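Engineer: Below you will find the structure I want to go over with you.
The values are calculated or read from the model by the stated rules, or taken from the named source; none is laboratory data. Since the model is a prediction, treat every value here as computed from it, not as a measurement. Methodologically, a virtual Cβ is constructed for each residue, glycine included, from the backbone with ideal geometry; neighbour enumeration extends over all protein chains shown. Side chains are part of the model used for accessible areas, which takes the heavy atoms of the whole protein and leaves out ligands, DNA and RNA. Shrake-Rupley method; radii C 1.70, N 1.55, O 1.52, S 1.80 Å.
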Amino acid sequence: MEEIADPTQQQVETRNNEAKGNLSSNLSETESVDKLPDEPEARYNRLKLFDKVIQKSLEKFIEQASFNRFASTFRPLYKKNPQKMKNIHKQFIEELRKNIQEDISRLIEEGRLEFKMNELDELESAAQNNTAPAWRPSGVPEKDFCSFLMPYYKKQEAYMRLELKKIQAENAALAQKVLAGRESVSQTGQLVSTALDEWKATVTEFERLTSSLGPADVFDV
């Protein structure tokens, strides 16, 4: 079986260094945007660790696409033109590495990795400053479940009580407006009734005077 040579070690190292440089620069650019002078060093150690893990995983993945495997898959083409197959493999590896780096960068940006690491630092700092013992399960699930839910229900109860007071105050204000409206309607009704009585009395008086006058009196007048 004909031995298929891998690309030179120098080319592999060059591509690896370029990949590490690209991903590291991406993380550095993201880091410089949100970096504050007093932020803890642990955050950047986490970034370096994340970068190292990503690079190691990327190299392991790229190793699976070695030139031997690539040429074995396309052996007829390799036999016709080995050098061209090497160039194709080189271009394939470069494009594959570039696409993976772009996906990683997009995940870092969309996942807000910097922000999440900052939150992790804050939680760690709060845990160090908190001298109270951490919560531990009591061994009784019912008790642990109640201890977890009771603060939530108490908070909800306080919120509902506050909302109830607001609604009661609004209802009292509306009731006062309704009473004022009813009083205004009652007063208007009384005024209308008084005016109607006065009008009726005037009509009655006019009819009485008219009937008391005879036809001759009306003619003389």
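Engineer: Translational D (Stokes-Einstein, µm²/s) of the stretch 46-111 at 10 °C and 1.306 mPa s when Rh comes from the Kirkwood sum over C-alpha pairs? Spell out each step's value before the answer.
Structural biologist: Values: Rh = 13.4 Å.
It comes out at roughly 118 µm²/s.
Engineer: Accessible area, 1.4 Å probe, largest first: how do S211, S184 sort?
Structural biologist: S211, S184
Engineer: Pop out the ³J(HN,Hα) list for the stretch 165-179 in order, Karplus 6.51 cos²θ - 1.76 cosθ + 1.60 with θ = phi - 60°, rounded to Hz; leave Gly and Pro as x.
Structural biologist: 3J(HN,Hα) across the stretch 165-179, in whole Hz: 5, 4, 5, 5, 5, 5, 5, 5, 5, 5, 5, 5, 5, 5, 4.
Engineer: Quick check: pseudo-label points 7 Å beyond the Cα along Cα→Cβ at Q176 and F148, how many nm apart are they?
Structural biologist: With each label point 7 Å from Cα toward Cβ, the separation is 4.7 nm.
Engineer: In sequence order, what are the phi-derived ³J(HN,Hα) couplings for the stretch 94-106 according to the Karplus relation 6.51 cos²θ - 1.76 cosθ + 1.60 with θ = phi - 60°, rounded to whole Hz, with x for glycine and proline?
Structural biologist: Once rounded to whole Hz, the list reads 5, 5, 4, 5, 5, 5, 5, 4, 5, 5, 5, 4, 5.
Engineer: Quick one: which of 171-183, 59-71 comes out on top by average Cβ neighbours within 10 Å, and what's the full order, highest first?
Structural biologist: 59-71, 171-183
Engineer: For the cross-link pairs K52/K98; K52/K116; K56/K90; K60/K90; K143/K166, which exceed 24 Å when the distance is taken from alpha carbon to alpha carbon?
Structural biologist: Cα-Cα > 24 Å for K143/K166; rest within.
Engineer: A further question follows. Got a number for the accessible area of M150? Probe 1.4 Å, square angstrom, nearest 10.
Structural biologist: 90
Engineer: Please work out the average accessible area per residue across the stretch 141-210, using the 1.4 Å probe convention, and give it in Å².
Structural biologist: 92
Engineer: Turning to a different aspect of this structure: With a 1.4 Å probe and all protein chains in place, put R97, R46 in order of accessible area, largest first.
Structural biologist: Largest to smallest exposure gives the sequence R46, R97.
Engineer: How much accessible surface does T73 have with a 1.4 Å probe, in Å² rounded to 10?
Structural biologist: It works out to around 100 Å².
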